[in-house]
Amino acid sequence: MILAGCSGLPPGYPYQVTPAYAVDDPQFARTMGSLLGPPLEGGNTITTLNNGDEIFPAMLEAIHSAKKTITLETFIYYQGQIGGQFTDALEERAKAGVRVHLLIDAVGSQKIDKNYLKRLEQAGAEVQLYHPLEWFDLSSAARLNNRTHRKLLVVDGKVGFTGGVGIGDEWLGHAESPEHWRETHYRVQGPAVSHLQSAFIDHWIETRGVVLHGDDYFPRLEPAGEQFAQVFKSSAEGGGSESMQLMYLLSFAAARKEIRIGTAYFVPDELTIRALTEARMRGVRVRLILPGPYNDVPVSGKAGRALWGKMLEAGVEFYEYQPTMYHVKMLIVDDRWVSIGSTNLDNRSFRLNAEANLNVLDPKFAAEQLKIFDADLERTKPVSYEQWKNRPFNEKLGEAMAALLKWQL
C-alpha cells in the first residue's frame, strides 16, 4: 500500500494507492481516464523518433507543411543551428499567413537569441514567454520555480509531437558522442492530438487570456491507427501539481511483472522510493536507466544517488548510461502500459513544473519501446548495492550535501 499526500487535502494528509488491478485489467484504463483524465481514446498512431537525426527533420517537415495553425510550447529554445532552423521555418509559415503561436519558458530558454523573437513577431507570429522574471514584480519571484517543462508541437490540429527534446544543438546527431544527447520524441496522429492541443491552449489562456478554438485548432480527427492513448498534464499554477506523481504511483501499483524506467533526473521522494521497493517485494522486477558520467545537472545526479540505498537493498536495479547525456523520459509497465513525455521522477516535475505525458496502452507500442530500452541498456553500466555502499567517503559526503537540495531538484 502506498500512502501519498494529496493537494486537495490538508498538508500531510495521506490517501492510499493499493495494487488492486494490473495494467491489462479494463479497470486500469477506466481509472486512468476517470480519476485522472482525459479518457484513453483509440484510433491513434504513435511514431517513435530516436535522437536529433530523426526528431528534428520530422518536426521541421510538419512545420513546413502547416496550412492554418502551429502551436509550439517548449522549455528550451537555444541559439544555434537548430534554433535557427526552427526560427526560419516558423517565420516562413507566419509570413505565409499561418497562425503561429509560440510559448517559451522564460528561464529554461535564457540562451535564446532575442533576434529570433523579433523576427517571429515581425513575421506575424504570436510569441509569449512563460513566467518572465521582472525585478520589480514580486509575483514573478514567487513563480520562479513554476516553469513550463512541456514539449508540445501541434500542426493544423492534426499532427502532434511530444517527448523530451528541446530546441537546441545538444540534441543533434544520433547519440554518437558526448556532444550528442540520447533522446526520444514521438509523432502523434489521431484523437490524442486534440489532447496535446488542449494542453498547449491551457497555458495560452493562462499567459495571454486568449482562447484558441474552432476547426483550425480542433478539426475532426479520423482514426489514424489502433493505439489507445491520452495526454496527461499537471501544473502547479493550474492546480493538480501532484497529479502527475499520482499517475506514476498508480502505474507502479498496477505492475505485476516488470517496471522499466528511463529518466534524466531521478531524485525520488519517500513515496516514490516506497512504491518501487514495494513493487520489488511483490516480485516485480524494477530497472532504471539514468545518466552516467555525462550529466548536465550534476547536483541532481548526486542528490539522487544518495537515495538509492533502500531500493538497491530491495533488489531495484540501477544502470548508468555511458556514451553521452541520457535525456529520455520513459516508463514501461508489464509490456503494455507506456508513459512518455516531459516528466522526470523528481520533485520539480511532480510539484513545481508544468508537465505533459503521453500515455499509451498498447502491447505493440510497448514492445517497440522495450526494444529501445534494451538497446540503451547495452550501453550502460550496472551499479550494485555493494558498489554503492562502498563508494568513497568524499562521494558520500558530496551526495549527502546535494540531497539537502532535493526539494528544488
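Here are some notes:
- GNM top mover of 198, 251, 235 - the chain, alpha-carbon springs below 10 Å: 198
- Mean shadow area of the range 159-314 over all directions, Cα convex hull, nm²: 12.1 nm²
- Rounded to whole Hz, the Karplus (6.51, -1.76, 1.60) HN-Hα couplings of the range 186-203, x for glycine and proline: 9, 9, 10, 10, x, x, 5, 4, 5, 5, 4, 5, 4, 4, 5, 5, 3, 7
- Percent RCO, i.e. relative contact order, over the range 211-314, from Cα pairs under 8 Å lying at least 6 residues apart: 25 percent
- Axis angle, to the nearest 10 degrees, between helix 243-254 and the longest C-alpha principal axis of the chain: 50 degrees.
- The packing ranking of peptides 86-97, 30-41, 178-189, highest mean first, is 178-189, 86-97, 30-41, where packing means the average number of other beta carbon atoms within 10 angstrom of each residue.
- With the biggest extent put first, the Cα atoms of the range 286-409 measure 46, 32, 28 Å across the principal axes.
- A viscosity of 0.692 mPa s and a temperature of 37 °C, combined with the Kirkwood radius over Cα pairs in Stokes-Einstein, give a translational diffusion coefficient for the range 44-208 of 205 µm²/s.
- Of 350, 393, 252, the one that fluctuates the most in a GNM where the chain has Cα springs shorter than 10 Å: 393
- Cα-based Kirkwood hydrodynamic radius, the chain, one decimal, Å: 21.6 Å
- Kirkwood Rh (inverse of mean 1/r, distinct Cα pairs), the range 35-131, angstrom: 14.6 Å
- GNM flexibility winner over the chain from 153, 290, 397 (Cα, springs under 10 Å): 397
Every number here is computed from the coordinates shown, using simple stated rules; none is lab data. Predicted model only: the values in this text are computed from it and were never measured. Glycine also receives a Cβ, built like all others from the backbone with ideal geometry; neighbour counts cover every protein chain displayed.
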